[in-house]
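> This structure is in structure tokens; I'll ask about it shortly.
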Number of protein chains: 4
Amino acid sequence: MLHFDCDYMEGAHPEVMRRLLATNLEQTPGYGCDPYTAHARELIRQACDAPQAEVHFLVGGTQTNATVIDGLLRRHEGVLAAESGHINVHEAGAIEAAGHKVLTLPSHDGKVHACDVERYLEEFYGDETWPHMVAPGMLYVSHPTEFGTLYSLEEMEALHEVCQQHAIPLYLDGARLSYALASESNTLTLHDVARLCDVFYIGGTKTGALFGEAVVVTRSELLPHFFTLIKQHGALLAKGRLLGLQFETLFTDDLYLRIARQAVTTALKLKEALLAKGYRLFIDSPTNQQFFVLPNSDIDRLSSHATFELWGPRGETESVVRFVTSWATQESHIDALIGHL
Amino acid sequence: MLHFDCDYMEGAHPEVMRRLLATNLEQTPGYGCDPYTAHARELIRQACDAPQAEVHFLVGGTQTNATVIDGLLRRHEGVLAAESGHINVHEAGAIEAAGHKVLTLPSHDGKVHACDVERYLEEFYGDETWPHMVAPGMLYVSHPTEFGTLYSLEEMEALHEVCQQHAIPLYLDGARLSYALASESNTLTLHDVARLCDVFYIGGTKTGALFGEAVVVTRSELLPHFFTLIKQHGALLAKGRLLGLQFETLFTDDLYLRIARQAVTTALKLKEALLAKGYRLFIDSPTNQQFFVLPNSDIDRLSSHATFELWGPRGETESVVRFVTSWATQESHIDALIGHL
Amino acid sequence: MLHFDCDYMEGAHPEVMRRLLATNLEQTPGYGCDPYTAHARELIRQACDAPQAEVHFLVGGTQTNATVIDGLLRRHEGVLAAESGHINVHEAGAIEAAGHKVLTLPSHDGKVHACDVERYLEEFYGDETWPHMVAPGMLYVSHPTEFGTLYSLEEMEALHEVCQQHAIPLYLDGARLSYALASESNTLTLHDVARLCDVFYIGGTKTGALFGEAVVVTRSELLPHFFTLIKQHGALLAKGRLLGLQFETLFTDDLYLRIARQAVTTALKLKEALLAKGYRLFIDSPTNQQFFVLPNSDIDRLSSHATFELWGPRGETESVVRFVTSWATQESHIDALIGHL
Amino acid sequence: MLHFDCDYMEGAHPEVMRRLLATNLEQTPGYGCDPYTAHARELIRQACDAPQAEVHFLVGGTQTNATVIDGLLRRHEGVLAAESGHINVHEAGAIEAAGHKVLTLPSHDGKVHACDVERYLEEFYGDETWPHMVAPGMLYVSHPTEFGTLYSLEEMEALHEVCQQHAIPLYLDGARLSYALASESNTLTLHDVARLCDVFYIGGTKTGALFGEAVVVTRSELLPHFFTLIKQHGALLAKGRLLGLQFETLFTDDLYLRIARQAVTTALKLKEALLAKGYRLFIDSPTNQQFFVLPNSDIDRLSSHATFELWGPRGETESVVRFVTSWATQESHIDALIGHL
């Protein structure tokens, strides 16, 4: 059986495991006050070209989003996001559980357009009743988006500018950031991300770590007392060095990017094969997630050879499916899948 | 200057004031444990033909919505509502502040269609990832809606049915319920509302009371310990009898309905006059709120004689405005306004 | 039957009712944007000798505490309060419902000692694990306290100083502030309160108003966007002028203080009589609440003539009871009660 | 340098690491829907002799407490706990952040006495104003406590009984449960815990796992939709099998208990040595945490050879310190530390 359900079906990259094993019996202080974490922070600052940035390590994506957003917003504020944004759809209301509304913007293949942000803010403050409404207090974007699509450098510059003008922080969810950086279509470097975003995170869970997300705060005055907030959100790992060690490994010798390329290459090979077979793209993604519309009969047949996700409810005759590759996907897996098409 | 901004610009109906004055120096226990409140509860149960219903009195609409919804939902659940619903737009995130997501449905002139509820629930549970999403735990509707429109008996029966089938409570926001009941277009009696809704409230603030909303709970097992929740939400009035007294007065000799009719009659007179002048309806409302599209020049001219609300941001050449009448509006006010058109 | 349960058993002072009636049919904008509210604000600023203060009007005490505290604290902070503080005991968890912990200090007859605040802060930051704990972000005191006791000017100066030194706001719950100001034992003027506290409220519900609390913010930078927070907490009264009107009346011709004196005078008369009969003080209060230890047999006998509150659970042979007078209590009521002792 | 700061300074037990490595490249579904997790659940049910129990795996202790307590309580309820309870002191307000008050009981060396629970409940419902207060909705205890002390079987039976009588769930925080089970002083088996508690968790982080806590729900009707709540609390691990695998390993061949014994044995050896040197116990603990009062001079001297925690703020001449051993502590470490006394 082949598996393309998601990019967290395996454990960690072997090099990460090697480091965890090699240091396993060492004793270090907890909660990220260890030398591995300190070094990982430094490596990430270097990779981002952001020497002043603060770096925090959390365990998973939903908790990272909930903690950062809770830290950035005041009580009367909400977070702007695409209607398709992960925080609006697939986080079980974690943002609202912390008291904040998700204010939705149109999704353009998963992306937010700067003009929509602009329009929202203008209409909001143009309405005399705005003090009765939830103030848009920050912008959330994901890169790649939930549909695998990418912001161009120009698009992100525009988002940065509109946020600057209205003095709201820009936060980027980088759960799959590696797969953006590894895509040939990408025009947004890690330096750009650090330059344009006030806070963002670099996902580890989906790229070679057992778990872990690195939050980079380029304007640290926005998140004072963030350590306590991480604790309050239940997001503080006792053995914090496990996070440090993993990110230290991923940011040594460019491992993070190298292993991401494998995922993108195999995903694009699959995409070409599906297109060649005449299947229809649901969304045109240049990263490790591929969305296609397939006849239900083909889906059923393929399901005896491979697992993958039905995207949304099953349609009457055809449905949207998602194939995801990861750093661990081999070309042979793709060839085998193609053989079954 | 004439005022049509909203239906809470005056104090209370004179009869309400008379009763407040007459009983002013009496001493009664606080928090609604007084005979006036007990009597008001009984009168409301009779008016609703719901002898088993529990009745609670709160001060204002937003706090009522927030308290009831917080009581009805479990932590993992959210509330379904029209995108235009008051809880989604004009309550400063009170629902989210209590931890719950507002799950939006299309607004059909402010109304929710049963088929949209059905579709939402089917798609939700048809999506394998539903345990990662906020469960739709109840339905919120307003009657009249925020646009003054009305549900027909059939429409409400359909909403009741879909909620029953999926075992989610149906809650009706009746901030302006009187103006629905007083409209000739209305087909939904108070008995029907009580029969079809699990919880609803009868608005006092906008119909003759200084303040106050009467929450009717027809399935009291849904809101155990509601008194404590009212207190926790800061919605428990110390001098609870003020609420009891006002509703006792409103539900004696049909005062509630009688004074509402005046508002609807005057609103419809204004509507006809505006249509006769050739102005365009923004939404066709049979109740005390009238929404029209007016050229900005006419708006500016009219503004020197009357106040009314700009609905949303001002357009380039024309804008939407809202005229609201109340139980205190006189025909002479309408005639004067018409004279300025 | 005589009633000494609490100080909110009557309606409003007749002069307040007269003003409400006189203005009843006037039309004003909602939400506190009316001239009466503006004037009331000005009168309160004058009474406080705080020309720069912001004044907001809310409906009740619990909602005022919850809204102010929620506004003053950041998410990782809690509020210091005496163990006996109203927010810790009798607000149904409203503070926690908004996400904040109440950090308790010893209660000295209801009062907080500055040295206890100092010790708490020193021990807190002296403990290396403090970032894992809720940071003390403000101090809550009530004046008079829940036991009717009063802070001296020196005590409040000391609290002010410790708060200043540690840069945490000092908030004073003045639900019964009038009865402090009217007490001969009081050394803390309204000017002092405004000078020493960052935020406080002047209670109307218990002193002559139907309802209403006036929040005075002497350092307005501490509560930005407070209007929206009031709305979010369901604490924004649609007919805001009702609050303005009542406070305008209370702060005209010193009505607020004058009527409070009546309550204190009658309470002290009762106190003397109880002491003369040999009953034991539970706590020595110079204001309108009197706490005595009475044999259960006497309590039972008295209960057929008067209502009053059992303070805490009933003891085996004797229990604590509370007698409360109000602005509406007549000397004849006290004489009658004394006659039954 | 020797380290006795806490029991999470190392990675995982070598056998746990071996299993993680052996299965690293396998592909499994996420979120705990894998065969390792299923098997771990079964092993835990067997070890607890609780064939009907539901078992959930979360990442850390604070998040486990916050999620379980949030699931067990309704909005108007709080959680009873010893004043010294971890949830009251060291979780940065995570319980309050989810809206619930921690209702404190006296701490008897970290333990809650059943009679105090009984008294609290009786006084609570004996007070007529209870509907204005936070209802005690569950009881939280930790075993061992934060001071390393243990409940006897009789004490836990008594707690169980009082909770049963008042129909509130009993929840046991077992962050260090292994070190209780491994103590010769312990009279409470895992079967007893499962029989007497409605929910409890078996800590992995502090006993051989990299991270992870196993929540055992013996009355599953108390936590419906718990999966979604875990997700909402950011506590759902994407690669859920990592939790399953670790607990499967720990509950195979009694590893969990075997490695805990090592910690207790070494801790008790240290305790005897400290007592022999004449140092004073702060609290008498039979488990892996030892609390002693040491002269500051001795603390300073010892600090050049070993790390350990100052418990609370430093005193003037002497202070309380805590020494913690773990499954990884060797006798040689203890001998070396003793040599430095």
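> Looking only at the stretch B:22-42, filter to residues that are among the small types (Gly, Ala, Ser) and within 11 Å of chain C (Cβ to nearest Cβ); which one of those is farthest from the chain's Cα centre (by Cα)? Break it down into steps so the answer makes sense when it comes.
The initial filter retains those residues of the stretch B:22-42 that are among the small types (Gly, Ala, Ser), namely B:22, B:30, B:32, B:38, B:40.
Among the residues that remain, those that are also within 11 Å of chain C (Cβ to nearest Cβ) are: B:22, B:30.
Values: B:ALA22: 29, B:GLY30: 26 Å.
Here the residue is B:ALA22.
> Only one of (1) surrounded by 18 or more Cβ atoms within 10 Å (Cβ to Cβ); (2) under 27 Å from B:ASP254 (Cα atoms) fails for B:SER152. Which number is that?
It is condition (1) that B:SER152 fails.
> Any residue at all in the stretch C:212-220 that is on the phi > 0 side of the Ramachandran plot and either open to solvent by 40 Å² or more (accessible area, probe 1.4 Å) or not assigned by TED's automatic domain parsing to the domain that holds C:ALA267 (or both)?
yes
> Tell me, which residue of the stretch D:80-96 that is acidic (Asp, Glu) and within 14 Å of chain A (Cβ to nearest Cβ) is farthest from D:LEU229 (Cα to Cα)?
D:GLU91
> How many of the residues making up the stretch C:290-322 are farther than 14 Å from C:HIS340 by Cα and among the β-branched types (Val, Ile, Thr)?
Qualifying residue count, the stretch C:290-322: 4.
> Any idea which of C:TYR151, C:TYR120 is of a type in the set (Ser, Thr, Tyr), in contact (Cβ under 8 Å) with a residue 40 or more places away in the chain and within 30 Å of C:THR266 (Cβ to Cβ)?
C:TYR151
> Does the stretch C:57-79 contain any residue that is in a strand (DSSP E or B), out of contact with any helix residue (DSSP H, G or I) (no Cβ under 8 Å at 6 or more places or on another chain), more than 14 Å from chain B (Cβ to nearest Cβ) and in contact (Cβ under 8 Å) with a residue 24 or more places away in the chain?
Yes, the stretch C:57-79 contains a residue that is in a strand (DSSP E or B), out of contact with any helix residue (DSSP H, G or I) (no Cβ under 8 Å at 6 or more places or on another chain), more than 14 Å from chain B (Cβ to nearest Cβ) and in contact (Cβ under 8 Å) with a residue 24 or more places away in the chain.
> Something else now. Out of the residues in the stretch D:224-268 that are polar (S, T, N, Q) and within 21 Å of the chain's Cα centre (by Cα), which is most open to solvent (accessible area, probe 1.4 Å)?
Filtering the stretch D:224-268 for residues that are polar (S, T, N, Q) and within 21 Å of the chain's Cα centre (by Cα), the one most open to solvent (accessible area, probe 1.4 Å) comes out as D:THR265.
> Looking at the stretch B:306-319 only, could you name the residues that are within 11 Å of another protein chain (Cβ to nearest Cβ) and either within 17 Å of A:TRP130 (Cα to Cα) or free of Cβ contacts under 8 Å to residues at least 24 places away in the same chain (or both)?
Passing the criteria: B:GLU309, B:LEU310, B:TRP311, B:GLY312, B:PRO313, B:ARG314, B:GLY315.
> Among the residues that make up the stretch C:127-149, is at least one of them within 13 Å of another protein chain (Cβ to nearest Cβ), assigned to a strand (DSSP E or B) and open to solvent by 30 Å² or more (accessible area, probe 1.4 Å)?
no
> If you don't mind, there's one more thing I want to ask. Can you tell me which residue within the stretch C:104-118, out of those that are outside any strand (DSSP E or B), of a type in the set (A, V, I, L, M, F, W, C) and open to solvent by less than 20 Å² (accessible area, probe 1.4 Å), is nearest to C:LEU150 (Cα to Cα)?
Per the criteria, the residue is C:VAL112.
> Hey, does the stretch B:2-21 have a residue that's of a type in the set (Val, Ile, Thr) and under 18 Å from the mean Cα position of the chain (by Cα)? Steps first, answer last, please.
Filtering the stretch B:2-21 for residues of a type in the set (Val, Ile, Thr) gives B:16.
When the remaining residues are screened for being under 18 Å from the mean Cα position of the chain (by Cα), the result is none.
No, the conditions are met nowhere in the stretch B:2-21.
> Same structure, new question: Evaluate the following for D:GLY240: is it in contact with a Lys or Arg (Cβ under 9 Å, 6 or more places away or on another chain), at pLDDT 95 or above and under 30 Å from D:VAL216 (Cα atoms)?
no
> Follow-up. Output the number of the condition that B:GLN27 fails; it satisfies all remaining conditions of (1) within 30 Å of A:GLU96 (Cβ to Cβ); (2) in a loop (DSSP other than H, G, I, E, B); (3) free of Cβ contacts under 8 Å to residues at least 24 places away in the same chain.
Failing condition for B:GLN27: (1).
> Restricting attention to the stretch A:174-197, which residues are outside any helix (DSSP H, G or I) and touching a helix residue (DSSP H, G or I) at 6+ places or on another chain (Cβ under 6 Å)?
Scanning the stretch A:174-197 gives A:ALA175, A:ALA182, A:SER183, A:ASN186, A:THR187, A:LEU188.
> I would also like to ask the following. When both residues are 6+ apart or on different chains and their Cβ atoms are under 6 Å apart, which pairs have a first residue that lies in the stretch D:223-242 and is over 20 Å from A:LEU210 (Cβ atoms) and more than 7 Å from every other protein chain (Cβ to nearest Cβ), and a second that is open to solvent by less than 10 Å² (accessible area, probe 1.4 Å) and in a helix (DSSP H, G or I)?
Cβ pairs passing all conditions: D:LEU223/D:GLY71; D:PHE226/D:GLY71.
> On to the next question. Return the residues of the stretch A:97-126 that are away from chain B (no Cβ under 11 Å) and touching a Phe, Trp or Tyr at 6+ places or on another chain (Cβ under 9 Å); say none if nothing qualifies.
Passing the criteria: A:LEU105, A:SER107, A:ASP109, A:GLY110, A:LYS111, A:VAL112.
> State all residues of the stretch D:163-172 that are open to solvent by 10 Å² or more (accessible area, probe 1.4 Å) and in contact (Cβ under 8 Å) with a residue 24 or more places away in the chain; if no residue qualifies, say none.
First pass over the stretch D:163-172, keeping only residues open to solvent by 10 Å² or more (accessible area, probe 1.4 Å): D:164-169.
The answer is D:HIS166, D:ILE168, D:PRO169.
> Can I ask one more? Here are the criteria: (1) touching a Leu at 6+ places or on another chain (Cβ under 6 Å); (2) more than 11 Å from chain D (Cβ to nearest Cβ); (3) in contact (Cβ under 8 Å) with a residue 60 or more places away in the chain. Tell me which single one A:VAL264 does not satisfy.
Only one criterion is unmet by A:VAL264, namely (1).
> Mind checking which residues of the stretch B:1-23 are closer than 23 Å to B:GLY174 by Cα, touching a helix residue (DSSP H, G or I) at 6+ places or on another chain (Cβ under 6 Å) and open to solvent by 50 Å² or more (accessible area, probe 1.4 Å)?
Within the stretch B:1-23, just B:GLU15 meets the criteria.
> Just to be sure I understand, how many residues within the stretch D:297-333 are open to solvent by less than 10 Å² (accessible area, probe 1.4 Å) and farther than 22 Å from A:GLN27 by Cβ?
Number satisfying all stated conditions: 1.
> Could you list all residues from the stretch A:281-335 that are basic (Lys, Arg) and modelled with pLDDT under 95?
Matches in the stretch A:281-335: A:ARG314 only.
The values are calculated or read from the model by the stated rules, or taken from the named source; none is laboratory data. Owing to the predicted nature of the structure, the values given are computational and were not obtained by experimental measurement. All Cβ positions, glycine included, derive from the backbone under ideal geometry; neighbour counts span all protein chains shown. Only protein heavy atoms, including side chains, enter the accessible area calculation; ligands, DNA and RNA are left aside. Shrake-Rupley method; radii C 1.70, N 1.55, O 1.52, S 1.80 Å.
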